[in-house]
1. Look through 223, 191, 199, 216 and report the one residue that is open to solvent by 20 Å² or more (accessible area, probe 1.4 Å), in contact (Cβ under 8 Å) with a residue 40 or more places away in the chain and either of a type outside the set (Asp, Glu) or closer than 16 Å to residue 158 by Cα (or both).
2. Of the conditions (1) closer than 18 Å to residue 257 by Cα; (2) out of contact with any Lys or Arg (no Cβ under 7 Å at 6 or more places or on another chain); (3) open to solvent by 20 Å² or more (accessible area, probe 1.4 Å), residue 166 clears all except one; give me its number.
3. Report yes if residue 333 is touching a helix residue (DSSP H, G or I) at 6+ places or on another chain (Cβ under 9 Å), farther than 26 Å from residue 181 by Cα and outside any strand (DSSP E or B), otherwise no.
4. Output the residue which, of all residues in the stretch 52-75 that are free of Cβ contacts under 8 Å to residues at least 60 places away in the same chain and β-branched (Val, Ile, Thr), is surrounded by the fewest Cβ atoms within 10 Å (Cβ to Cβ).
5. Scan the stretch 136-147 for residues that are in contact (Cβ under 8 Å) with a residue 40 or more places away in the chain and either open to solvent by less than 10 Å² (accessible area, probe 1.4 Å) or over 14 Å from the mean Cα position of the chain (by Cα) (or both) and jot them down.
6. If I ask for residues that are more than 16 Å from the ligand (Cβ to nearest atom) and either modelled with pLDDT under 95 or over 16 Å from residue 299 (Cβ atoms) (or both), which ones from the stretch 46-69 would you list?
7. What are the pairs with Cβ atoms under 6 angstrom where one residue, in the stretch 112-131, is under 13 Å from residue 90 (Cα atoms) and the other, located anywhere, is open to solvent by 60 Å² or more (accessible area, probe 1.4 Å)? Sequence gap at least six, or different chains.
8. Which residues, taken from the stretch 212-234, are within 16 Å of the ligand (Cβ to nearest atom) and over 19 Å from residue 187 (Cβ atoms)?
Amino acid sequence: MTHRIGSIIFKALVPALITGLALCGCKTKEEDGTAASEGLVTVGFSQIGAESDWRIASSDSMQTSLSTTYGYNLIYDDGQQKQENQLLAMREFIDQSVDYIILDPITETGWDATLREAYDEGIPVIIIDRRVDTLDDSVYTVWAGSDFLLEGRRACRWLKEYLEHISFDDDVNIIHISGTTGSSAQIGRTKALKSAAKKFGWNILMSEDGDFVQAKGREIMEKALEEYGDKINVVYCENDSEAIGAIEAIEQSGRRVGSDIKSGEIMILSFDATRQGLLLTLNGKISVNTECNPEYGPVCVDIIGKLKNASRVEHEIYMEESQFSAIEDITEVEIDGEIYPVTMVDRELIDSRNY
Ligand code: GZL
């Protein structure tokens, strides 16, 4: 009863309220946010965090493409690498009745209820980069991301080809610095390594979650060097930030990073192909760098454009990705009969890229 009466009173007062606010110089909601976003497509974007150069490149791409210049009102939320923050942000977006929600999910599970809420409110959800594991994948409109298992398989196949090329017949002893446990990138890249190690008889001496951050990459490598010392000849880092940390630890210990493992160098494999990662690939400190494309801004603009025009959009869209090295002996790798080129990195190529 109270609610009904309240609503009648409120309805009668609204014109007076607005007049009053105007007189006191206060702005109504319309003069504030809503007016500013008038005519723009409002997009709520829940980003994982700012844990790596890759993540920053991904955010830059989204904020550049989905800007007011191009007709978008982007509401960007940094989840600070916590799923609960991302879920809160999504609920905010739903409450604000945004036109679209874009989510880069830190891990694959735990999204069903919130995705269902958005779906029931008629807000299309675009998942980018990592995947969600839902009971019903019709609750989101599109997923655009990477084939993380293929990324890992390309890296491991490169290692296999390289070891054969140098006729390396000693034990292959690997330190595995994985990404955030439960994230699609970690699941795919780790699965590829474990499968290759089993197939080719490589030893994984240690496997720990580096959370895609440089500090943990360094900590894990320091611990590994203490425990396994000279036995280590390969480090498989699931992103460039971890690789940078691992390289710091290795060089601090007096060992050298590089591809001459017969002479005791430690070979680094990495993912992302960020600028920092490619500079280290150019100078041979990273032997092979398998790209993970962060440029989701243009992809999301294309998807939203198609949805607005009720054009057909694929439910899954895969990003184009390359693989880079400065070791000229391996120029391609074959996976399931498909040939994937290995691009020789040079300074001109690095300077020509957006990230
Ligand atoms: C992969 C992406 C990963 C990157 C890391 O698509 O989610 O998260 O490989 C980033 O650098 O932190």
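1. Details: 223 fails: in contact (Cβ under 8 Å) with a residue 40 or more places away in the chain; 199 fails: in contact (Cβ under 8 Å) with a residue 40 or more places away in the chain; 216 fails: in contact (Cβ under 8 Å) with a residue 40 or more places away in the chain.
Exactly one residue qualifies, and that residue is 191.
2. The single condition residue 166 does not satisfy is (2).
3. On the way: touching a helix residue (DSSP H, G or I) at 6+ places or on another chain (Cβ under 9 Å): yes; farther than 26 Å from residue 181 by Cα: yes; outside any strand (DSSP E or B): no.
Here the answer is no, as residue 333 does not meet what is asked.
4. 69
5. From the stretch 136-147, those in contact (Cβ under 8 Å) with a residue 40 or more places away in the chain are 137, 141-147; that's our starting set.
Once the filter is applied, which keeps residues that are in contact (Cβ under 8 Å) with a residue 40 or more places away in the chain and either open to solvent by less than 10 Å² (accessible area, probe 1.4 Å) or over 14 Å from the mean Cα position of the chain (by Cα) (or both), the stretch 136-147 yields 137, 141, 142, 143, 144, 145, 146.
6. First, the residues of the stretch 46-69 that are more than 16 Å from the ligand (Cβ to nearest atom): 63-69.
Hits for the stretch 46-69 are 68, 69.
7. 112/135
8. So the first thing to find is which residues in the stretch 212-234 are within 16 Å of the ligand (Cβ to nearest atom), and the list is 212-218, 220.
214, 215, 218, listed by residue number.
The values are calculated or read from the model by the stated rules, or taken from the named source; none is laboratory data. Owing to the predicted nature of the structure, the values given are computational and were not obtained by experimental measurement. All Cβ positions, glycine included, derive from the backbone under ideal geometry; neighbour counts span all protein chains shown. Just so you know, the surface numbers come from the protein's heavy atoms only, side chains and all, with ligands and any DNA or RNA stripped out. Shrake-Rupley method; radii C 1.70, N 1.55, O 1.52, S 1.80 Å.
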